[in-house]
Structure formats: structure tokens, C-alpha cells
Amino acid sequence: DSALFSLGAAVDMEPSHLPALRALEVQHGVRRSWEELHGVYGRLISTLGNGIDATELTLERAELAQLSGQSKQVTDGLYRECYERAPRSRQALLYLENTALQEEEPSVDLAELEVAVASYFDFDTAARAEFYTRAGEIFAALQTHGAAIEHFRLALDADDGCDAALRGLSDAAASSEQWEDLVEACNRRARATLEPEQKIAFLHLAAVTM
């Protein structure tokens, strides 16, 4: 306890004293003093600035807030800060995506998070198409049809046989009266289906739309 008191006094005298802050981090971690450790992390992040160490600490602080029962508002804010510091932070991204999915209404924020998740799947085209499709569906629900069409196209660039993206492209194009996009979607769906009747129906719709 005397060591803890001395370290605390040192930090009070010089709030950016890095060795003392690091020592306090260890002491509070050993004692499982989560509230105090949360405060030390905040001081360390301010001291370290925008470097890699500060980004890693921001994630640790967010995880600590989540595990120690901090308010959702605080935890969400910390994960958001981590994501803004490091947009490729998988843990921050998935936490924010999961939080946004729990909201009752779709949002542009969720769509952008789905796009960010898609970027992780460089070598898994089906997964990348799935997340781009989710983004397209959110934009469609928001009646932002131009953005919906754009993201359904990104999904199809990744996987040209993605049925959900094909349907989404058709619906968004029809809803926004983008006839060229609708014709393209019908032709794509005709090529993708193995059912002769569906193929004929899609080609017919494409022909009467032109």
C-alpha cells in the first residue's frame, strides 16, 4: 500500500510521468482495482498520444470497461474511440457492429460497419459479398437507393452468383426507377438461375423494361 501511495503521489505531481503510470497500471491490475485501473489507462492514453501503444491501451480500456460493468455509454464510446484510432481493429469493429445490430432501426452507421467488416474477407469472396449485401439492404431500408445499388454491385463484384445481392439489386433498381440497372439485374438473374421458367421470366422482364 505504501508503494501504491508513493506512485499515486508521483503521478499527482507529474501526471504524464510514464514509469509511474506504468507501475500504477501493474499495481491496480494485481489488486483487480478496475475503477482505478480504468483511470490509469485514461492518463496513459493521454500521455502516449496517437501511437500504437495508445491504440492498444484504448482497446484494453474498452475491454476493461465491458468486463467490469461500466455503463454501456462509456463502453460504446471507448470502442468507438478505438475504432477511430484503428479502423482495422477487429474487436472494436465487431463490438460496434453487434451493438448497432441490436438497434431497432437500420442506420447508415451500421451499413458503414458492414462495409468495414467486408474488407476483412479479401480471400473469402462469399463472405465479402454477404457483408456488402447487408450494407445494400440497410441502404435500401433507408430508401437510399443509389447507395443500395452501389453496394449490391460491390457484392456482385465479389461473388457474381450471390442471389441475395441479385434480388437486392433488382428491388432497389425497380424502387428507384433505374431501368438500366433493373435490366442488368434481370439479365444477371437469368444467367444465374438453373430453372428454365425463371430464366424466361427474367429475360422477359428485361425485354419489356428496355
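Per 0.36 nm of contour for each residue apart, how much would the distance between SER119 and ARG80 grow if the chain were fully extended, relative to their Cα-Cα spacing? Walk me through the intermediate numbers first.
Values: separation 39, 0.36 × 39 = 14.04 nm, distance 1.81 nm.
Gain in length upon complete extension: 12.2 nm.
In whole Å, what are the Cα extents of the stretch 61-109 along the three principal axes, biggest one first?
The Cα atoms of the stretch 61-109 stretch 29, 23, 13 Å along their principal axes.
Using the heavy atoms of the protein chains and a 1.4 angstrom probe, tell me the accessible area per residue for the stretch 70-174 in square angstrom. Working shown, then result.
Values: 5230 Å² over 105 residues.
Spelled out: the 1.4 Å probe surface of the stretch 70-174, per residue, equals 50 Å².
For ASN98 paired with ALA201, estimate the spin-label separation in nm (one decimal), with each label point 7 Å from Cα along the Cα-to-Cβ line.
4.0
State the three equivalent ellipsoid semi-axes of the stretch 48-158, derived from the C-alpha gyration tensor as the square roots of 5 times its eigenvalues, in descending order and whole Å. Could you put the intermediate results ahead of the total?
Numbers: eigenvalues 158, 54, 23 Å².
Equivalent ellipsoid of the stretch 48-158: 28, 16, 11 Å, largest first.
Roughly how many percent of the accessible protein surface of the stretch 92-210 is carbon and sulfur, given a 1.4 Å probe and a whole-percent answer?
On the way: 3310 of 6480 Å².
C and S fraction of accessible area: 51 percent.
Which residues in the stretch 76-120 place their backbone N less than 13 Å from a point set 7 Å from the Cα of ALA164 along the Cα-to-Cβ direction?
114-115, 118, by backbone N distance to the label point.
GLU150 accessible area, nearest 10 Å², 1.4 Å probe?
100
Which value, in Å² rounded to 10, gives the accessible area of TYR120 with a 1.4 Å probe and all protein chains present?
Around 60 Å² of this residue is reachable by solvent.
Want the number for SER107 to SER68: 0.36 nm per residue separation, take away the alpha-carbon distance, what's left?
On the way: separation 39, 0.36 × 39 = 14.04 nm, distance 2.88 nm.
Between SER107 and SER68, full extension yields 11.2 nm more.
The values are calculated or read from the model by the stated rules, or taken from the named source; none is laboratory data. Fair warning: this is a prediction, and the values are worked out from it, not measured in the lab. Because the Cβ atoms are built from the backbone with ideal geometry, glycine has one as well, and the counts that use them run over all protein chains shown. Note: accessible area is taken over every heavy atom of the protein model, side chains too, but ligands, DNA and RNA are not part of it. Shrake-Rupley method; radii C 1.70, N 1.55, O 1.52, S 1.80 Å.
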